[in-house]
Amino acid sequence: MSDQQPETGAAEGPDGKLRCPWGLSAPEYLAYHDEEWGRPVRGDTAIFERLCLEGFQSGLSWLTILRKRENFRAAFVGFDAAKVAAFSEQDVARLMADPGIVRNRAKINAVITNARAALGLPDGLTALVWRYADEPGRAPRTLAEVPASTPASKALSAELRRHGFTFTGPVTAYATMQACGIVNDHLAACFCRNP
(Lines give C-alpha, C1' and ligand atoms only; values in the text may rest on other atoms or scores of the structure.)
Protein backbone atom coordinates (compact mmCIF):
# COMPACT_ATOMS: atom_id res chain seq x y z
CA MET A 1 0.00 0.00 0.00
CA SER A 2 2.95 2.29 0.30
CA ASP A 3 5.58 3.91 -1.82
CA GLN A 4 7.42 4.82 1.41
CA GLN A 5 10.63 3.14 2.50
CA PRO A 6 9.72 -0.11 4.33
CA GLU A 7 11.79 0.74 7.42
CA THR A 8 9.74 3.89 7.96
CA GLY A 9 7.96 4.29 11.26
CA ALA A 10 4.97 6.49 12.04
CA ALA A 11 5.14 10.02 10.62
CA GLU A 12 3.53 13.27 11.71
CA GLY A 13 0.50 14.32 9.70
CA PRO A 14 -0.76 17.81 8.88
CA ASP A 15 -2.68 17.88 12.18
CA GLY A 16 0.36 16.85 14.23
CA LYS A 17 -0.93 13.29 14.81
CA LEU A 18 1.37 10.34 14.13
CA ARG A 19 0.20 8.05 11.32
CA CYS A 20 1.33 5.14 9.21
CA PRO A 21 3.48 6.95 6.62
CA TRP A 22 1.61 5.59 3.59
CA GLY A 23 -1.46 7.47 4.84
CA LEU A 24 0.29 10.79 4.23
CA SER A 25 1.24 10.35 0.58
CA ALA A 26 -2.08 11.55 -0.94
CA PRO A 27 -5.28 13.19 0.34
CA GLU A 28 -7.29 10.08 -0.55
CA TYR A 29 -4.90 7.94 1.49
CA LEU A 30 -5.23 10.25 4.50
CA ALA A 31 -9.01 9.85 4.65
CA TYR A 32 -8.87 6.10 3.93
CA HIS A 33 -6.18 5.56 6.57
CA ASP A 34 -7.90 7.65 9.24
CA GLU A 35 -11.51 6.60 8.70
CA GLU A 36 -11.53 3.14 7.21
CA TRP A 37 -8.42 0.97 6.96
CA GLY A 38 -8.01 -1.44 9.84
CA ARG A 39 -11.43 -0.69 11.34
CA PRO A 40 -13.69 -3.73 11.79
CA VAL A 41 -16.07 -4.28 8.89
CA ARG A 42 -19.02 -6.62 9.06
CA GLY A 43 -21.62 -7.30 6.44
CA ASP A 44 -21.31 -9.45 3.35
CA THR A 45 -21.68 -6.55 0.88
CA ALA A 46 -19.03 -4.42 2.58
CA ILE A 47 -16.58 -7.31 2.79
CA PHE A 48 -17.35 -8.40 -0.77
CA GLU A 49 -16.56 -4.87 -1.99
CA ARG A 50 -13.20 -4.83 -0.23
CA LEU A 51 -12.30 -8.30 -1.48
CA CYS A 52 -13.14 -7.25 -5.06
CA LEU A 53 -11.25 -3.97 -4.85
CA GLU A 54 -8.19 -5.70 -3.42
CA GLY A 55 -8.37 -8.12 -6.35
CA PHE A 56 -8.51 -5.22 -8.80
CA GLN A 57 -5.52 -3.65 -7.04
CA SER A 58 -3.28 -6.62 -7.80
CA GLY A 59 -0.37 -5.25 -9.83
CA LEU A 60 -1.56 -1.64 -9.50
CA SER A 61 -1.32 1.18 -6.98
CA TRP A 62 -4.00 1.14 -4.29
CA LEU A 63 -4.36 4.87 -4.95
CA THR A 64 -5.57 4.07 -8.48
CA ILE A 65 -8.31 1.85 -7.03
CA LEU A 66 -9.22 4.32 -4.30
CA ARG A 67 -9.64 7.11 -6.84
CA LYS A 68 -11.92 4.91 -8.95
CA ARG A 69 -13.86 3.46 -6.02
CA GLU A 70 -17.13 5.29 -6.67
CA ASN A 71 -16.94 4.25 -10.32
CA PHE A 72 -16.45 0.62 -9.24
CA ARG A 73 -19.45 0.90 -6.92
CA ALA A 74 -21.63 2.21 -9.75
CA ALA A 75 -20.35 -0.33 -12.27
CA PHE A 76 -20.87 -3.27 -9.90
CA VAL A 77 -24.26 -2.09 -8.51
CA GLY A 78 -22.95 -1.36 -5.03
CA PHE A 79 -21.23 -4.76 -4.90
CA ASP A 80 -24.57 -6.44 -4.27
CA ALA A 81 -23.48 -10.06 -4.75
CA ALA A 82 -26.92 -11.25 -5.94
CA LYS A 83 -27.03 -8.57 -8.65
CA VAL A 84 -23.41 -9.08 -9.71
CA ALA A 85 -23.91 -12.86 -9.84
CA ALA A 86 -26.59 -12.29 -12.48
CA PHE A 87 -24.24 -10.34 -14.78
CA SER A 88 -24.12 -11.58 -18.36
CA GLU A 89 -21.64 -11.29 -21.21
CA GLN A 90 -23.32 -7.99 -22.11
CA ASP A 91 -22.46 -6.72 -18.63
CA VAL A 92 -18.85 -7.82 -19.10
CA ALA A 93 -18.75 -5.92 -22.41
CA ARG A 94 -20.22 -2.84 -20.68
CA LEU A 95 -17.59 -3.06 -17.94
CA MET A 96 -14.77 -3.54 -20.45
CA ALA A 97 -15.88 -0.29 -22.11
CA ASP A 98 -16.10 1.66 -18.82
CA PRO A 99 -13.10 4.03 -18.52
CA GLY A 100 -14.00 4.74 -14.89
CA ILE A 101 -12.83 1.31 -13.69
CA VAL A 102 -9.87 -0.97 -14.31
CA ARG A 103 -10.77 -2.71 -17.55
CA ASN A 104 -9.19 -6.10 -17.01
CA ARG A 105 -11.36 -8.96 -18.25
CA ALA A 106 -9.89 -11.53 -15.86
CA LYS A 107 -10.51 -9.28 -12.86
CA ILE A 108 -14.03 -8.37 -14.01
CA ASN A 109 -14.85 -12.05 -14.51
CA ALA A 110 -13.39 -12.79 -11.07
CA VAL A 111 -15.83 -10.35 -9.44
CA ILE A 112 -18.76 -12.11 -11.14
CA THR A 113 -17.41 -15.56 -10.25
CA ASN A 114 -16.79 -14.45 -6.67
CA ALA A 115 -20.30 -13.03 -6.36
CA ARG A 116 -21.71 -16.41 -7.33
CA ALA A 117 -19.35 -18.14 -4.90
CA ALA A 118 -20.30 -15.73 -2.11
CA LEU A 119 -23.98 -16.55 -2.58
CA GLY A 120 -23.15 -20.23 -2.09
CA LEU A 121 -21.47 -19.78 1.28
CA PRO A 122 -23.60 -21.48 3.93
CA ASP A 123 -22.96 -18.87 6.64
CA GLY A 124 -22.08 -15.91 4.42
CA LEU A 125 -18.85 -14.10 3.59
CA THR A 126 -18.62 -12.21 6.88
CA ALA A 127 -18.65 -15.41 8.94
CA LEU A 128 -16.08 -17.03 6.66
CA VAL A 129 -13.48 -14.25 6.70
CA TRP A 130 -13.85 -13.40 10.39
CA ARG A 131 -13.04 -17.03 11.29
CA TYR A 132 -9.47 -16.13 10.35
CA ALA A 133 -9.06 -13.32 12.86
CA ASP A 134 -6.10 -14.13 15.09
CA GLU A 135 -5.46 -12.93 18.58
CA PRO A 136 -3.87 -9.49 18.25
CA GLY A 137 -0.10 -9.68 18.19
CA ARG A 138 2.51 -7.06 18.89
CA ALA A 139 1.86 -3.89 16.92
CA PRO A 140 4.33 -3.30 14.08
CA ARG A 141 6.69 -0.40 14.74
CA THR A 142 7.73 0.10 11.10
CA LEU A 143 6.34 -0.77 7.68
CA ALA A 144 9.06 -3.40 7.39
CA GLU A 145 7.30 -5.35 10.14
CA VAL A 146 3.99 -5.49 8.25
CA PRO A 147 3.80 -8.79 6.35
CA ALA A 148 2.45 -9.25 2.83
CA SER A 149 0.69 -12.44 3.91
CA THR A 150 0.36 -14.62 6.99
CA PRO A 151 -0.53 -18.23 7.76
CA ALA A 152 -4.09 -17.03 8.43
CA SER A 153 -4.33 -15.27 5.05
CA LYS A 154 -2.96 -18.39 3.33
CA ALA A 155 -5.63 -20.47 5.04
CA LEU A 156 -8.35 -17.93 4.15
CA SER A 157 -7.17 -17.88 0.54
CA ALA A 158 -7.29 -21.67 0.36
CA GLU A 159 -10.80 -21.76 1.83
CA LEU A 160 -12.03 -19.08 -0.56
CA ARG A 161 -10.62 -21.08 -3.49
CA ARG A 162 -12.33 -24.24 -2.17
CA HIS A 163 -15.61 -22.34 -2.38
CA GLY A 164 -14.94 -21.24 -5.98
CA PHE A 165 -13.41 -17.78 -5.49
CA THR A 166 -10.68 -16.54 -7.84
CA PHE A 167 -8.15 -13.67 -7.63
CA THR A 168 -8.02 -14.24 -3.88
CA GLY A 169 -4.44 -15.36 -3.28
CA PRO A 170 -2.79 -15.03 0.15
CA VAL A 171 -1.61 -11.44 -0.46
CA THR A 172 -5.06 -10.30 -1.65
CA ALA A 173 -6.64 -12.19 1.26
CA TYR A 174 -4.30 -10.45 3.70
CA ALA A 175 -4.94 -7.02 2.19
CA THR A 176 -8.67 -7.71 2.59
CA MET A 177 -8.09 -8.74 6.21
CA GLN A 178 -6.24 -5.46 6.80
CA ALA A 179 -8.91 -3.39 5.02
CA CYS A 180 -11.69 -5.05 7.04
CA GLY A 181 -9.96 -4.74 10.41
CA ILE A 182 -9.67 -8.50 10.77
CA VAL A 183 -6.05 -7.66 11.55
CA ASN A 184 -4.83 -4.31 12.81
CA ASP A 185 -1.61 -3.36 11.06
CA HIS A 186 -1.60 0.31 12.05
CA LEU A 187 1.88 1.03 13.38
CA ALA A 188 2.32 1.09 17.15
CA ALA A 189 2.75 4.88 17.25
CA CYS A 190 -0.13 5.58 14.83
CA PHE A 191 -3.07 7.39 16.44
CA CYS A 192 -5.44 4.92 14.67
CA ARG A 193 -3.90 1.94 16.43
CA ASN A 194 -6.30 2.24 19.35
CA PRO A 195 -9.15 4.47 18.14
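The values are calculated or read from the model by the stated rules, or taken from the named source; none is laboratory data. Since the structure is predicted, the reported quantities are computational estimates derived from the model, not experimental observations. Heads up, the Cβs are rebuilt from the backbone with ideal geometry, glycines too, and the neighbour counts pull from every protein chain shown. In case anyone asks, the SASA skips ligands and DNA or RNA and just uses the protein heavy atoms, side chains included. Shrake-Rupley method; radii C 1.70, N 1.55, O 1.52, S 1.80 Å.
A few points about this structure:
- Inter-residue pairs, beta-carbon under 8 Å, first touching a residue at least 40 places away in the same chain (Cβ under 8 Å) and assigned to a helix (DSSP H, G or I) and in region 119-132, second surrounded by fewer than 19 Cβ atoms within 10 Å (Cβ to Cβ) and of a type in the set (D, E, K, R), 6+ apart: Thr126/Arg42; Trp130/Arg42
- Within region 101-115, considering residues that are among the charged types (D, E, K, R) and either within 17 Å of Phe48 (Cβ to Cβ) or free of Cβ contacts under 8 Å to residues at least 12 places away in the same chain (or both), the one least open to solvent (accessible area, probe 1.4 Å): Lys107
- Yes/no for Thr168 being hydroxyl-bearing (Ser, Thr, Tyr), part of a loop (DSSP other than H, G, I, E, B) and within 21 Å of Lys107 (Cβ to Cβ): yes
- Within the option set Gly137, Gly120, being modelled with pLDDT under 95 and over 19 Å from Glu54 (Cα atoms) holds for one residue only, Gly137.
- Helices (runs of 4 or more DSSP H) fully within region 1-107 counting 1 or more residues that are among the aromatic types (Phe, Trp, Tyr): 27-35, 44-57, 62-67, 69-75
- Filter pass, Ala152 being farther than 28 Å from Pro21 by Cβ and in a helix (DSSP H, G or I): no
- Each residue in region 69-97 was checked for being open to solvent by less than 40 Å² (accessible area, probe 1.4 Å) and more than 21 Å from the chain's Cα centre (by Cα), and 3 pass.
- Contacts under 7 angstrom Cβ, first residue in region 162-187 being free of Cβ contacts under 8 Å to residues at least 40 places away in the same chain, partner open to solvent by 10 Å² or more (accessible area, probe 1.4 Å) and outside any loop (DSSP other than H, G, I, E, B), 6 or more apart: Pro170/Lys154
- Hits in region 38-65 - residues which are more than 18 Å from Ala127 (Cα to Cα) and surrounded by fewer than 19 Cβ atoms within 10 Å (Cβ to Cβ): Ser58, Gly59, Leu60, Ser61, Leu63, Thr64
- In region 143-188, the residues that are surrounded by fewer than 18 Cβ atoms within 10 Å (Cβ to Cβ) and farther than 28 Å from Thr113 by Cβ: Ala144, Glu145, Ala188
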